[in-house]
1. Among 99, 241, 263, what is the fewest-to-most ranking by other Cβ atoms within 10 Å?
2. Report the extension gain between residue 197 and residue 261 in nm, rounded to one decimal, defined as 0.36 nm multiplied by the number of residues separating them, less their alpha carbon distance.
3. Extension gain residue 298-residue 272, at 0.36 nm per residue separation less the Cα-Cα distance, in nm?
4. Cα gyration tensor of region 166-319, axes a ≥ b ≥ c as square roots of the eigenvalues: rounded (a/c below 1.5), prolate (a/b > b/c) or oblate?
5. Once the Cβ-Cβ distance between residue 120 and residue 221 is put in as r, and R0 is 22 Å, what FRET efficiency do you end up with, to the nearest 0.05?
6. Give the relative contact order (percent, whole number) for region 161-319; include only Cα pairs under 8 Å separated by 6+ residues.
7. For region 84-239, just say rounded, prolate or oblate: build the C-alpha gyration tensor, square-root its eigenvalues into a ≥ b ≥ c, call rounded for a/c under 1.5, and beyond that prolate if a/b exceeds b/c, oblate if not.
8. How much length is gained if the chain between residue 210 and residue 91 is pulled fully straight, taking 0.36 nm per residue apart and subtracting their Cα-Cα distance, in nm to one decimal?
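Just so you know, all these numbers are worked out from the coordinates, no wet-lab data involved. All figures in this text were calculated on a predicted structure; none of them were measured in a lab. Counting neighbours? That spans all protein chains shown, and the Cβs are built from the backbone with ideal geometry, glycine included.
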């Protein structure tokens, strides 16, 4: 039996070759992203489902439904730098037995990757150093969302950490995701899956410097070239702009109102007020709190700079 001279159900060879070329450049990208890239380059682009069929025909998609759109509800903050999401991407093994701790910071509104830092650990000084570099480059956000683990959180115990106090000194709020609910930081969690698929799963790194080089190269692709489903197939750089709040050269001491009761936190994490010894956190040692009277007698707001930490109710029995 003779083969037909043409196959109307199959994409033209030239278009198919362009699809496969984009896929070869970015082996983790699916039909929607490849279609957007072809359009951005001025090429005719078949539908995302047709591109998915091309990839599957060439053995480049696995499983039923691969490349299909997922149904879920998205929420985003209305402007860049309203909220950054920060997290560490687990412990990634390096050649020779050392461990890599990728520290990522993502802008909630634009999905712009502000930082992917190849860190040797997750200690306070390490994270603070990375954030300082990001603040100098992009300015200060209004808030940074992190999980409850150290150094940002206290493992769900509700205590403040040294890193959190430093962020408050910079007038940055530090909300935390619910314990055991990583979906609170859904955008950063999704970003980590993308980082794993497009970088971490494709090579092993000899050391931190080699990993950082790979992160820097991929971050440029992610921010400037990779279409993002969550923002209408735009690239994050189209929606991001630096913050107008610059990193200060020095942190000034807090200024409180004349009617505030100002107290100094002792080294052990206590301060004294109206004959009561009140526990807070050792992270505030040497810092000055303000207690502001409420309308209810003997009830006070406990404030650090512009941040409300809680209430003190002196109607209750002493500690």
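1. Sorted ascending by nearby Cβ count, the order is 99, 241, 263.
2. That pair, residue 197 and residue 261, stretches by 17.7 nm at full extension.
3. Between residue 298 and residue 272, full extension yields an extra 7.9 nm.
4. Here region 166-319 falls in the prolate category.
5. Numbers: r = 25 Å, r/R0 = 1.13.
Efficiency at R0 = 22 Å is approximately 0.30.
6. 16
7. Details: a/c = 1.57, a/b = 1.16, b/c = 1.35.
Oblate, since a/c reaches 1.5 and b/c is not below a/b.
8. Residue separation times 0.36 nm, minus the Cα-Cα distance, leaves 41.2 nm.
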